[in-house]
1. Determine which member of the set Gly59, Gly76, Gly97, Gly89 is free of Cβ contacts under 8 Å to residues at least 40 places away in the same chain and crowded, with 23+ Cβ neighbours inside 10 Å.
2. Looking at Ala74, Ala87, can you tell me which residue is away from the ligand (no atom under 16 Å from the Cβ) and among the small types (Gly, Ala, Ser)?
3. Considering each residue of the stretch 17-51, count those that are in a loop (DSSP other than H, G, I, E, B), under 24 Å from Ala248 (Cα atoms) and either modelled with pLDDT of 95 or more or hydrophobic (A, V, I, L, M, F, W, C) (or both), and give that number.
4. How do the strands (runs of 3 or more DSSP E) wholly within the stretch 117-223 filter down when requiring 1 or more residues that are within 9 Å of the ligand (Cβ to nearest atom) and in contact with a Cys (Cβ under 7 Å, 6 or more places away or on another chain): which remain?
5. Just to be sure, is Gly274 within 16 Å of the ligand (Cβ to nearest atom), touching a strand residue (DSSP E or B) at 6+ places or on another chain (Cβ under 9 Å), in contact (Cβ under 8 Å) with a residue 12 or more places away in the chain and not basic (Lys, Arg)?
6. Can we say Gly14 is within 16 Å of the ligand (Cβ to nearest atom) and either touching a Gly at 6+ places or on another chain (Cβ under 7 Å) or not in a strand (DSSP E or B) (or both)?
7. Take the stretch 278-308 and flag every residue that is more than 19 Å from Val93 (Cα to Cα) and without any contact (Cβ under 8 Å) to a residue 24 or more places away in the chain.
Amino acid sequence: VAYRRIVLRRRPEGMPVPEDFEVVEDAVPTPDDGQVVVRHSHLGLAPAARIRMSADVEGYLPPLALGETVYGAAVGVVVDSRHPDLAVGDDVVSINGGWQTHDLTDGRNLRPVDLSVAPAPTWLGALGVSGLTAYVGLTDIARLEAGQQVVVSAAAGAVGSMVVQFARALDCRVVGVAGGPDKCRHVTQTVGADAAVDYRGGDLAGQLARACPEGVDVYFDNVGGAVRDAVWPLMNQYGRVVVCGQIAEYNRRTQEGSGPDWYPLLTKSLTVRGFLASRFQHRYDDFLRDASAWLRADRVVPTEFVVDGFERTPDAFIAMLAGRTLGKTVVAI
Ligand SMILES: NC(=O)c1ccc[n+]([C@@H]2O[C@H](COP(=O)([O-])OP(=O)(O)OC[C@H]3O[C@@H](n4cnc5c(N)ncnc54)[C@H](OP(=O)(O)O)[C@@H]3O)[C@@H](O)[C@H]2O)c1
């Protein structure tokens, strides 16, 4: 069996193109003492990989080197083990398995998954990093309470579609912001938001004001930029802005925009707080308990978008960044 990995061939200028990536083939690695080899079945694509493709954009992880395997989560099965706690046949999810068919690892990046609870793609989406991010953002960061008014951007995406559903499960009213009428229909009809706003549809401020007659207690910001600036004047007293992502900035050559006026921070006693889900691993068990109960009760539906074929990973990644996918974008190898 060949070992294939997708490496960064050159740094993208703005939106990545397929030529920025290259498939490299090798022999399947063998483990040393304390290591395992995981054969991946599914890759989870995330905008964070785009941040790491730029040399000069400040991120929370170092930039990828040219020739390095692209960063990303994966589900797979242990196929070779010299690790005391991991056996051949164990199903696992890895936060940084990478865009590759196999991962040689000391196991610290692995968690067990139960594929009888949910299929592999769901362990990358609703029950994976995307779900954990939505959960931590709403609970630990926003301190969401029942009956509150929530707005979330990139609402049809991996994190956003979980924010909509978790906030509804926590008895809040939710407005999703997404690009285009089809996505907005998806956000209300399939994901279950109370209303949707099309940020490409013009008069964003007016659309938002009509969708949020009682203002906004929590804005879950996945995009930054113009959408954030349009939600800002609608924030209620003691409102919270959860800074989860700034995807509007990731493909830019330079950081732009000074952001919204700070005065309402004072007059409305607002809280603006960023977070990295990776620093909330201590909440994983609580998240898994609540999210799997919501899934079992059909209060939350998984929203993974599965693309077949390892070679299609770069195309699927570009489609995800450009907003042409729905929910969590997953590649089945
Ligand atoms: N803090 C953390 O620990 C953490 C963890 C995971 C993810 N994140 C962040 O959360 C955000 C969502 O990630 P995800 O994995 O769920 O990706 P995603 O939402 O599935 O995909 C990205 C979506 O962003 C939207 N988008 C792209 N460019 C935009 C722009 N210029 N303005 C507005 N929307 C734009 C597109 O939707 P439309 O078609 O609607 O434009 C696209 O579908 C990202 O910013 C990501 O970096 C943060």
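1. Working: Gly59 fails: crowded, with 23+ Cβ neighbours inside 10 Å; Gly97 fails: free of Cβ contacts under 8 Å to residues at least 40 places away in the same chain; Gly89 fails: crowded, with 23+ Cβ neighbours inside 10 Å.
Being free of Cβ contacts under 8 Å to residues at least 40 places away in the same chain and crowded, with 23+ Cβ neighbours inside 10 Å holds for just one of Gly59, Gly76, Gly97, Gly89, which is Gly76.
2. Details: Ala74 fails: away from the ligand (no atom under 16 Å from the Cβ).
Exactly one residue qualifies, and that residue is Ala87.
3. Total satisfying the criteria: 3.
4. Values: elements: 149-153, 173-178, 195-198, 216-221.
The strands (runs of 3 or more DSSP E) meeting that bar are 173-178, 195-198, 216-221.
5. Details: within 16 Å of the ligand (Cβ to nearest atom): yes; touching a strand residue (DSSP E or B) at 6+ places or on another chain (Cβ under 9 Å): yes; in contact (Cβ under 8 Å) with a residue 12 or more places away in the chain: yes; not basic (Lys, Arg): yes.
Yes, satisfied.
6. On the way: within 16 Å of the ligand (Cβ to nearest atom): yes; either touching a Gly at 6+ places or on another chain (Cβ under 7 Å) or not in a strand (DSSP E or B) (or both): yes.
Yes: the conditions hold for Gly14.
7. Once the filter is applied, which keeps residues that are more than 19 Å from Val93 (Cα to Cα) and without any contact (Cβ under 8 Å) to a residue 24 or more places away in the chain, the stretch 278-308 yields Ala293, Arg296, Ala297, Asp298.
For every residue, the table says whether it meets (1) within 13 Å of the chain's Cα centre (by Cα); (2) of a type in the set (A, V, I, L, M).
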residue: Ser116; (1), (2): no, no
residue: Trp123; (1), (2): yes, no
residue: Ala126; (1), (2): yes, yes
residue: Ala134; (1), (2): yes, yes
residue: Arg143; (1), (2): no, no
residue: Ala146; (1), (2): no, yes
residue: Val150; (1), (2): no, yes
residue: Gly157; (1), (2): yes, no
residue: Val174; (1), (2): no, yes
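The values are calculated or read from the model by the stated rules, or taken from the named source; none is laboratory data. Everything numeric here is computed off the predicted structure, so don't read it as measured data. With ideal geometry, Cβ positions are generated from the backbone for all residues, glycine too; neighbour counts draw on all protein chains shown.
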